[in-house]
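Below is one structure, written out as structure tokens; the observations come after it.
Please treat every number below as a calculation from the coordinates, not as lab data. What you are looking at is a predicted structure, and each value in this text was computed from that prediction instead of being measured. Glycine gets a Cβ as well: all are built from the backbone with ideal geometry, and neighbour counts include every protein chain shown.
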């Protein structure tokens with residue numbers, strides 16, 4: 001091959017895509033016509049641009065590494081496409097007829113993105129605003145997405161004449177057939193970039209870090225996704241941005257557990273307070289709230305505090321706080337406490353307590369079921 005594209009950029013044959021891009025940017029800043037008006041330098045810049053066009057494209061680079069110059073004009077004459085076999089696409093074109101395709105646009109939509117944001121339980125109740133720091137592709141500030149160096153513009157491809165495809169005579173099972181193939185000179189765009197933007201290497205976008213504010217709507221839960229239209233990466237060639245999806249992850253709370261729109265909490269009550277009744281304070285998300293404990297409260301009973309839960313998403317109202325009461329029985333008693341407990345038991349006639357089985361609404365008691373089994377019923 002007459003053109004040594006690796007040598008032109010000054011990189012090894014196994015250079016990575018990033019190394020090739022850095023080499024092109026370095027040479028482009030030295031040789032660009034806006035910096036150096038020497039005619040010889042301008043010709044060398046064209047060679048650098050051509051080398052980058054081939055080596056930055058995986059398909060063209062593979063073709064070049066296999067011994068063919070993808071920038072060389074290809075037609076139906078002898079030796080065209082030498083070294084490349086007859087592929088399935090050629091067979092399909094031969095049977096169904098290759099259709100000439102119009103040029104494809106460099107301007108494409110950017111990809112969507114997903115980020116996760118951790119929020120507190122209180123933020124799901126009252127809403128919040130967060131500032132996200134994103135590292136994503138933005139429109140190139142130098143060329144404004146045109147992919148061309150300032151003051152330059154794309155040129156109509158001199159191989160396909162702007163059509164994006166070329167007619168190639170192929171031998172097939174049906175004889176010689178004229179097929180339409182993507183132009184390898186312009187990659188099907190119909191235009192070439194004689195002077196690609198040195199900032200974005202002809203991509204029309206660069207990687208940058210930007211801040212974005214997102215509103216956390218009241219009522220969100222873990223897994224809720226907030227869509228921000230056209231806030232993801234910019235598209236190549238000045239294309240529109242993709243959409244950004246913010247997925248909410250609610251952090252665990254030390255007191256409350258959320259179930260739907262309700263908040264559940266467990267409140268431990270001393271045995272004496274449960275027997276006599278009392279009023280306790282609970283730190284809710286709205287501040288301190290009083291919880292009235294009726295006299296004779298048993299473990300497992302619930303008390304509801306209406307309107308202090310989580311609102312439905314995009315709706316009004318709020319759920320409740322459900323307080324689960326757990327009566328604490330003292331595990332250790334000193335002498336005086338034990339005397340008082342024994343005196344209370346005497347007063348209540350509970351010195352000796354017989355087992356008392358209470359039937360449940362779900363069916364007979366365990367004792368009844370055992371009696372039925374032992375009795376042969």
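General remarks:
- Extension gain, residue 12 to residue 30, is 4.5 nm, computed as 0.36 nm per intervening residue step minus the present C-alpha separation.
- Note on residue 255 and residue 343: the model spin-label points, each 7 Å out from Cα along the C-beta direction, lie 3.7 nm apart.
- Among 65, 18, a tally of other beta-carbon atoms within 10 Å of each Cβ gives an order, fewest to most, of 18, 65.
- In range of the label at residue 280: residues from region 304-326 whose backbone nitrogen is under 20 Å from the point 7 Å along Cα→Cβ: 304-309, 320-326
- Counting beta carbons within 10 Å around each of 332, 213, 60, 268 and listing the fewest first gives the order 332, 213, 268, 60.
- Label-to-label distance, nm, for residues given as residue 169 and residue 133 (7 Å Cα→Cβ offset): 6.4 nm
- Counting only DSSP beta bridges whose two residues both lie in region 252-331, roughly 65 percent are antiparallel.
- The residue 264 and residue 115 beta-carbon pair, evaluated with R₀ = 25 Å, returns a calculated FRET efficiency of approximately 0.25.
- Length-normalised contact order for region 252-331 - Cα pairs under 8 Å, 6+ apart - percent: 36 percent
- Tensor-based shape of region 107-225 (alpha-carbon gyration tensor, a/c under 1.5 rounded, otherwise prolate or oblate): oblate
- Relative contact order for region 1-71, counting Cα pairs under 8 Å that sit 6 or more residues apart, in percent: 35 percent
- Cα convex hull of region 164-254 - mean projected area over all directions, nm²: 12.0 nm²
- Rounded FRET efficiency, nearest 0.05, which uses the C-beta distance separating residue 331 from residue 217 and R0 of 51 Å: 0.60
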